[in-house]
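K.L.:
Please find one structure pasted underneath; my questions will follow.
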Amino acid sequence: MFALTIFAFLIFMFWVLFLPKKYVRKICSIYCIIFVNVNDFIFGFKRRIIGTENIAKHPVIYVLKHQSTYEAFWFAAVIQNSVWIMKKTLMYIPILGLYFWRSGMVPIDRSKGRDSVIKMIQESKKIYERDCVLSIFPEGTRRPLGSEPAYKQGVYILYSELNIPVVPVALNTGLYWNRGLWNGKKGRVTMEFLPEIKPGLSKEQFMKKLQQDIETASNRLAKKP
């Protein structure tokens, strides 16, 4: 179903690429809403969002646990003005990568080292000038449920350089959706917005608190979905 919906989107919505970026993001968000609803119906998911009071009305960085493909679509459906930081290689996926470019995603080329970091900071600052918010997976890739956390320092660089709060986001999607697709289980997929982390913490303090907040909440949601 995932591959079919992506294919249909690319075929019937190609004209979207010729619109201004803000409209590309809006239409892609509508597609994400359709995507999660269709998959919920097919696979028997019941969605729940906790901590909506922590969804910010001021500039923040949303930092999400990444367990599956599902939450990337779900989050884009909930926070419709979000822009992702992502691996540059994803921008070269045939056709789909064009949507990433046109919607203003921020590509990261880890092989470029410091130059890539500088560019990431520059591009990220522009996001807020367009009334968007930045979203990032702190581990850089999907991590199976129960695996050892592997948070990278890029999220701290953004936190310190942009000097704005971070809103951690916990999930339990790995219970139902693996790295590929549905793992055969039905249940309640949950996204929890946690209290924001204010600017000003040291690298050690920030990384420890971020990981503790997200991992503790995600593990709780996995045990009691």
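The values are calculated or read from the model by the stated rules, or taken from the named source; none is laboratory data. What you are looking at is a predicted structure, and each value in this text was computed from that prediction instead of being measured. In this analysis, Cβ positions are derived from the backbone assuming ideal geometry, glycine residues included, and neighbour counts consider all displayed protein chains.
Yes/no matrix, rows are residues, columns are (1) of a type in the set (Phe, Trp, Tyr); (2) at negative phi; (3) surrounded by 15 or more Cβ atoms within 10 Å (Cβ to Cβ):
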| residue | (1), (2), (3) |
| --- | --- |
| 177 | yes, yes, yes |
| 183 | no, yes, no |
| 193 | yes, yes, yes |
| 201 | no, yes, yes |
| 212 | no, yes, no |
| 220 | no, yes, no |
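K.L.:
Here is a further query. Hey, can you tell me all the residues within region 102-139 that are over 21 Å from residue 196 (Cα atoms), in contact (Cβ under 8 Å) with a residue 60 or more places away in the chain and among the charged types (D, E, K, R)?
P.N.:
102, 130
K.L.:
Using the structure shown, decide if residue 152 is of a type in the set (Lys, Arg), in contact with a Pro (Cβ under 9 Å, 6 or more places away or on another chain), over 17 Å from residue 57 (Cα atoms) and part of a loop (DSSP other than H, G, I, E, B).
P.N.:
It is true that residue 152 is of a type in the set (Lys, Arg), in contact with a Pro (Cβ under 9 Å, 6 or more places away or on another chain), over 17 Å from residue 57 (Cα atoms) and part of a loop (DSSP other than H, G, I, E, B).
K.L.:
Within region 88-106, identify whether any single residue is among the β-branched types (Val, Ile, Thr) and touching a strand residue (DSSP E or B) at 6+ places or on another chain (Cβ under 6 Å), and answer yes or no.
P.N.:
So in region 88-106, the residues among the β-branched types (Val, Ile, Thr) come out as 89, 93, 95, 106.
Now restrict to residues that are touching a strand residue (DSSP E or B) at 6+ places or on another chain (Cβ under 6 Å): 106.
Yes, because at least one residue in region 88-106 is among the β-branched types (Val, Ile, Thr) and touching a strand residue (DSSP E or B) at 6+ places or on another chain (Cβ under 6 Å).
K.L.:
Is region 158-173 home to any residue that is under 21 Å from residue 76 (Cα atoms), in a helix (DSSP H, G or I) and either over 18 Å from the mean Cα position of the chain (by Cα) or of a type outside the set (Phe, Trp, Tyr) (or both)?
P.N.:
yes
K.L.:
For region 175-198, does any single residue satisfy the condition of being over 30 Å from residue 39 (Cβ atoms) and either in a helix (DSSP H, G or I) or in contact with a helix residue (DSSP H, G or I) (Cβ under 8 Å, 6 or more places away or on another chain) (or both)?
P.N.:
Kept after step one, since they are over 30 Å from residue 39 (Cβ atoms), are these residues of region 175-198: 197-198.
Filter once more, keeping what is either in a helix (DSSP H, G or I) or in contact with a helix residue (DSSP H, G or I) (Cβ under 8 Å, 6 or more places away or on another chain) (or both): 197.
Yes, region 175-198 contains a residue that is over 30 Å from residue 39 (Cβ atoms) and either in a helix (DSSP H, G or I) or in contact with a helix residue (DSSP H, G or I) (Cβ under 8 Å, 6 or more places away or on another chain) (or both).
K.L.:
What do you reckon, is residue 125 at pLDDT 85 or above and either surrounded by fewer than 20 Cβ atoms within 10 Å (Cβ to Cβ) or assigned to a loop (DSSP other than H, G, I, E, B) (or both)?
P.N.:
yes
K.L.:
Please indicate, with yes or no, whether at least one residue in region 214-222 is modelled with pLDDT of 95 or more, among the acidic types (Asp, Glu), within 13 Å of residue 63 (Cβ to Cβ) and in a strand (DSSP E or B).
P.N.:
Checked region 214-222: no residue is modelled with pLDDT of 95 or more, among the acidic types (Asp, Glu), within 13 Å of residue 63 (Cβ to Cβ) and in a strand (DSSP E or B).
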